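The values are calculated or read from the model by the stated rules, or taken from the named source; none is laboratory data. Remember, it's a predicted structure, so these values are computed and weren't measured experimentally. No Cβ is skipped: glycine too gets one built from the backbone with ideal geometry, and neighbour counts run over all protein chains shown.
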Amino acid sequence: MWCERLEAEQIAWDTSSQFRLISRRLNALMDKKMMDSGCLITLYNQRKYVPRGKDLSSPFRRLKIFTYNGCNQELWDLFKNNCLAIESFFIEMVTSEDWIRLPDLHFQSIRFPRLTTFTFRTNAKNEWFQFKDVMQLLQNAPMLKYLTIFQLQGPDSQAAEQRKSQIHSIQLLPNP
């Protein structure tokens, strides 16, 4: 009886080791096929990267972020740290009542020479992509072809008020 249990545990250990090796090989293959692309999913303060084990200091050419935790400065820093290599950036946020607003993005001093696609999607009433940030992004991304900003939720009166305040507060930026 004891020998049979020991043998069953040995078989289970061998099987789990084989699954781990297969999983590592598949992850390495996925990383190779994605060619410097990455996906970050934040769900209630837990983060998952695809492919797993991707070194965040290595450059991303394409980056997708899906978050349920609001948009914090760390996510935008990841975008800015990859400014020289990034070609496509996508961020989608789900509404949360505790969000105050988007952090200051400060795109004025960062160039995105290869960025061709930028997508920002949210259904939060209070996460508005500032018009000055759009202008700075347009100025500093000469290859940008596809710019998409979705504001999916919020009352019309608040949108009109926000738009008025942004237009009045904009100062034209000098051409570089």
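In a residue-by-residue description of region 122-129, the property of being surrounded by 15 or more Cβ atoms within 10 Å (Cβ to Cβ), touching a helix residue (DSSP H, G or I) at 6+ places or on another chain (Cβ under 8 Å), on the phi < 0 side of the Ramachandran plot and at pLDDT 85 or above applies to no position. Every condition in (1) out of contact with any Phe, Trp or Tyr (no Cβ under 8 Å at 6 or more places or on another chain); (2) modelled with pLDDT of 70 or more holds for Leu63 except the one numbered (1). Of all residues in region 46-60, one or more are surrounded by 17 or more Cβ atoms within 10 Å (Cβ to Cβ) and at pLDDT below 75. Every residue in region 69-114 that is touching a helix residue (DSSP H, G or I) at 6+ places or on another chain (Cβ under 8 Å), at pLDDT 85 or above and closer than 15 Å to Gln136 by Cα, please. Those that are touching a helix residue (DSSP H, G or I) at 6+ places or on another chain (Cβ under 8 Å), at pLDDT 85 or above and closer than 15 Å to Gln136 by Cα: Phe107, Gln108, Ile110, Arg111, Phe112. Restrict the check to region 107-117 and report whether at least one residue is free of Cβ contacts under 8 Å to residues at least 40 places away in the same chain, in contact with a Lys or Arg (Cβ under 7 Å, 6 or more places away or on another chain) and surrounded by 19 or more Cβ atoms within 10 Å (Cβ to Cβ). For region 107-117, residues free of Cβ contacts under 8 Å to residues at least 40 places away in the same chain, in contact with a Lys or Arg (Cβ under 7 Å, 6 or more places away or on another chain) and surrounded by 19 or more Cβ atoms within 10 Å (Cβ to Cβ): absent.
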